[in-house]
1. Among 664, 627, which comes first, second and so on when ranked by fewest other beta-carbon atoms within 10 Å?
2. Hey, what's the Cα Rg ratio for the range 647-750 versus the globular rule of thumb, 2.2 N^0.38 Å?
3. Given a Förster distance of 22 angstrom, what is the FRET efficiency for residue 624 paired with residue 647, based on the Cβ-Cβ distance and rounded to 0.05?
4. Could you work out how far apart the two model spin labels at residue 429 and residue 369 are, taking each label as a point 7 Å from the Cα in the direction of the beta carbon, and quote it in nm?
5. Can you say what percent of the DSSP beta bridges in the chain, counting only those with both residues inside, are antiparallel? Round to 5.
6. In terms of the Cα gyration tensor, with a ≥ b ≥ c the square roots of its eigenvalues, is the range 247-292 rounded because a/c is under 1.5, prolate because a/b exceeds b/c, or oblate?
7. Enter the mean projected area of the convex hull around the alpha-carbon atoms of the range 721-763, in nm², rounded to one decimal.
8. Which of the three applies to the range 106-169, rounded, prolate or oblate, going by the alpha-carbon gyration tensor with a ≥ b ≥ c and a/c under 1.5 meaning rounded?
Ligand SMILES: [Zn+2]
Ligand SMILES: [Zn+2]
């Protein structure tokens, strides 16, 4: 780092806007986020899930990035060589859609431009408006190594994609085949199974009747998509179904299109479904396609790419699928071949991009044979080479991997990695690492490259490998692979994590990452999903503008219980901002006390005062628990512990206990100041992974340190743990809290300074109260504290705290008669309310007619009144010994 420009002055109030930008720039200039593969330190590496190039920072990113940043910062402070590698995804469909929309405004389509010009236009868009999110990541404080930023379409990554495609082809794990794929008739592209969102819809089942060709009868079938009957090429029955024994091999005359089709026997037919006979539409249903392959049946495709009936549909040509469904049913009904239509809710797939109903479509696509790859990925998880945090997500992962189907990787788009396959006029396929000049089979020089591009997830599936230079065995790959942790939301375990595991385990064993740390989704305070239509979306940029980055980060991490969803409300970010301010004020106080002298390297040895021993003990306990929680992927617990310690124990109790000692100006004042400074320094370091800006600014002002980013992490000091000091302080705190409560409840004027007689629970406590009499006197606003052997004879109030009895003489403390009268009045009011509430709840009319929430509220109110009554009676008891 550049030499310190002196310690910054801390202004009166914390203004994040003047601190965050300059701090981040200082980190960049100092290069503290850069990773050195040759440093010889232990390694900690993560690949940032690459945001879409079209993306901008939303609240989900804010959580995901803050989570990763805490891990990166924690390990950097603990002496690891940390690589957190950033980058972006080219996001095939999403990006192509953005640029197509732009073109549409100019009244043009991508076809007007042609492929080459269109792709150029996308690159130009990317250079200009893509990657806005990168600037927003800096705003969030992401400690990524910008010198290693990658893009899924850059040269190196494209080479990795090509190498994997060709290798898989050579290993016969990738093939071109005619299969039923999920087709979006609006995006005009294939979709993989996981890009399809299934939804229950109210649907129907049309029961059709197909006449036998010989006129001897008919056979009944049922379908939810009646229009597909135009493409039927068989009727199938189960070979053991007694109802159809004589019909197998018979011929059916398919109505409306008048095609003769056979009745076949296939064991895949479910005898329990409908009549036990099913129509077979090989071009429009994956199961039917398999039956057709087994029986050598033809496939008749009746729909265009836009899901409009084509010439195969005869007189229905030109109708879209929904209109065709109505018309086909009507036409069959006219022929008396529509028996009935029943309601049948069923699950329908929708395009994850545009919500259009997906159409199963027979088409020629490229597939990855995933089963062998999935086996390798599952083996890595079973053997523990990769583990999930929390472990319950392994079940989800296995569940999906066990029923994985071949992955359709070709997409009918222009933006993406073009498939490295060439076809000669004879239809031979040449797949090659270098663009070929001749057909590998027949030597023909006339070659045409496949028009399609690869699924976006093909390249992002290689992310942990390709970003480190693979297929070359680079220094980075040797140093930082396998990566240590992959952080992601549970929603893309399938989309992404599984793919990275399959590719990583296969191409660069043993595994792409050692731990998969799963977090949940950010939801609103009621746990509802954030969505534009609910109007409950929270914009992280606005929150950072309003409350500062640290506040947003802290609020997110505080809610991030392992693997669970993260509720967030603006008030909680505001609360976190108040916490940052509390820390700031604490820092200013401590720095003021020290007059710029602190080094904070270590606390004074063997502190003689209880306050210091207690503070150091609590600090060490907090340090140990916070470190364990961070390490155990439970940053929410770390945040909770730090908030409690820093706010209540350090900023409130420790400071108050230190104030009179500091005022003495002697050796003990120095000790008190040094202990506070040390505790603050440790606290700032512990908080730094979550609140990097406010902690760094304060630490620089406190000790003159250049940065917290490089640590060190606070060292273990087990000798500081002092259970006796903690127990003694707990007694002391109880006494002071009891005194403050008494004053507040009985409205003792602030100017009153009563004497306290305390009868301790034992000799130890007697000694404690004598030694700490001055603290009790000051914090309890007392005139004097006397340790007594027994209750005094004069009128007092009596309080119980920490096992001790506290007696406050009432003389001059409060007007006893008035206070008693006040309590009597309160008791009367509450008593009347109780009677009313009870009468209401005894009224059967009310109980039967009032809405349940109103009845519940009445019950709650009664319980509240009872509590208030108990409190007033306790207060009366406190005063009962008074006369
Ligand atoms: Zn679509
Ligand atoms: Zn050829």
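1. 664, 627
2. Output field value: 1.33.
3. Efficiency for this residue pair is about 0.70.
4. 1.2 nm
5. If I count the DSSP bridges inside the chain, around 70 percent turn out antiparallel.
6. Values: a/c = 1.70, a/b = 1.24, b/c = 1.37.
Cα axes put the range 247-292 in the oblate bin.
7. Values: hull surface 16.5 nm².
If you wrap the Cα atoms of the range 721-763 in a convex hull and average its projections, you get 4.1 nm².
8. oblate
The numbers here are math on the coordinates, done by the rules we state, and not lab data. Since the model is a prediction, treat every value here as computed from it, not as a measurement. Here the Cβ is made from the backbone with ideal geometry for all residues, glycine too, and neighbour counts use every protein chain on show.
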